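**Student:** I am attaching a structure below and will ask some questions about it afterwards.
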Amino acid sequence: MNKRILVVTLLIGVVLASCSAYQFRERWTKEQAPETFKARFETTQGNFDIEATRSLSPKAVDRLYQLIRRDYYKNIAIYRVVPDFVAQFGIYNDSLYNEMWAEYKIPDEPVKQSNESMTIAFARGGVETRSTQLYINLKDNKRLDTLQWSGVKGFPVIAKVVEGEGVVRKFYSGYGEAPGKEQGVIQSKGNTFLKDKYPKLDYIEQAYILK
């Protein structure tokens with residue numbers, strides 16, 4: 001390959017990588033949420049609104065606020081919908097962006113409100129693993145309040161669906177747990193993989209803070 005072409009090719013690669021990296025700023029993880037706030041999620045089934053309460057889990061609500069403000073929940077699959085259990089989402093299509101947010105884990109906090117129907121919490125797989133994935137309870141899942149999971153107890157509620165429960169209950173659930181077992185592939189291949197293998201999934205098109 002011509003040296004000039006090689007140099008140009010390398011420069012393009014660096015620029016593209018920088019563009020992706022530029023989407024993320026560490027200072028965003030320092031932002032504090034209001035004591036309460038509402039946000040709207042526009043989905044392929046319609047809109048639903050949530051209300052978050054910071055006192056329930058301050059660090060987690062701060063992260064939710066940060067993620068919504070920075071357009072994290074945009075064109076993102078509701079990839080795990082288990083009837084009479086939960087609807088889960090939060091693996092971003094751009095794996096670099098996802099990995100950057102995931103580096104800043106949310107400190108563990110106690111459960112202060114029960115996992116009742118339509119409440120929302122961060123998913124986690126052990127000590128200080130909450131980062132970007134959320135689930136909506138599709139029924140009263142009070143056992144999640146005290147469930148011991150890889151060294152940590154319970155899943156702290158951070159918000160609740162206050163408008164659009166009917167929308168949430170329409171999310172496609174025919175795949176059950178299957179997509180949830182492929183989280184690593186989803187993170188590396190994104191929506192291309194999901195739309196090919198699980199074409200009926202619903203998506204969050206965008207989310208934003210309501211004033």
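**Student:** Can you pull out the residues in segment 165-182 that are out of contact with any strand residue (DSSP E or B) (no Cβ under 8 Å at 6 or more places or on another chain) and part of a loop (DSSP other than H, G, I, E, B)?
**Tutor:** Arg169, Gly174, Ala178
**Student:** Can I ask one more? Suppose we filter segment 190-210 for residues that are closer than 12 Å to Asn75 by Cα and either in contact with a His (Cβ under 8 Å, 6 or more places away or on another chain) or assigned to a strand (DSSP E or B) (or both); how many remain?
**Tutor:** So the count comes out to 5.
**Student:** With Lys160, Lys153, Lys170, Lys189 as the choices, which residue is out of contact with any helix residue (DSSP H, G or I) (no Cβ under 6 Å at 6 or more places or on another chain) and surrounded by fewer than 14 Cβ atoms within 10 Å (Cβ to Cβ)? Talk me through it step by step, then tell me what you get.
**Tutor:** Working: Lys160 fails: surrounded by fewer than 14 Cβ atoms within 10 Å (Cβ to Cβ); Lys170 fails: surrounded by fewer than 14 Cβ atoms within 10 Å (Cβ to Cβ); Lys189 fails: surrounded by fewer than 14 Cβ atoms within 10 Å (Cβ to Cβ).
Answer to the check: Lys153.
**Student:** Right, next: Can you tell me how many residues in segment 54-85 are surrounded by fewer than 18 Cβ atoms within 10 Å (Cβ to Cβ), under 14 Å from the mean Cα position of the chain (by Cα) and assigned to a helix (DSSP H, G or I)?
**Tutor:** Number satisfying all stated conditions: 1.
**Student:** Can you tell me how many residues in segment 57-72 are farther than 20 Å from Gly154 by Cα, in contact with a Phe, Trp or Tyr (Cβ under 7 Å, 6 or more places away or on another chain) and touching a residue at least 60 places away in the same chain (Cβ under 8 Å)? Write out each step before concluding.
**Tutor:** Within segment 57-72, the subset farther than 20 Å from Gly154 by Cα is 65-72.
With the extra rule that they be in contact with a Phe, Trp or Tyr (Cβ under 7 Å, 6 or more places away or on another chain), the set shrinks to 65-68, 70, 72.
This time we only want the ones that are touching a residue at least 60 places away in the same chain (Cβ under 8 Å), so: 65, 67-68, 72.
So the answer is 4.
**Student:** A further question on this structure: Which condition breaks for Gly90 when tested against (1) in contact with a strand residue (DSSP E or B) (Cβ under 6 Å, 6 or more places away or on another chain); (2) surrounded by fewer than 19 Cβ atoms within 10 Å (Cβ to Cβ)?
**Tutor:** (2)
**Student:** Among the residues of segment 20-53 satisfying the criterion of being assigned to a loop (DSSP other than H, G, I, E, B) and modelled with pLDDT of 95 or more, which is nearest to Gln113 (Cα to Cα)? Reasoning before the result, please.
**Tutor:** Going through segment 20-53, the residues assigned to a loop (DSSP other than H, G, I, E, B) turn out to be 23-25, 31-35, 44-45.
Those left that are additionally modelled with pLDDT of 95 or more: 31-35, 44-45.
Numbers: Glu31: 23, Gln32: 21, Ala33: 19, Pro34: 19, Glu35: 16, Thr44: 29, Gln45: 28 Å.
Top of the filtered list is Glu35.
The values are calculated or read from the model by the stated rules, or taken from the named source; none is laboratory data. Just so we're clear, the structure is a prediction, and the values are computed from it rather than from any experiment. Cβ sites come from the backbone with ideal geometry, for glycine too, and all protein chains shown count toward neighbours.
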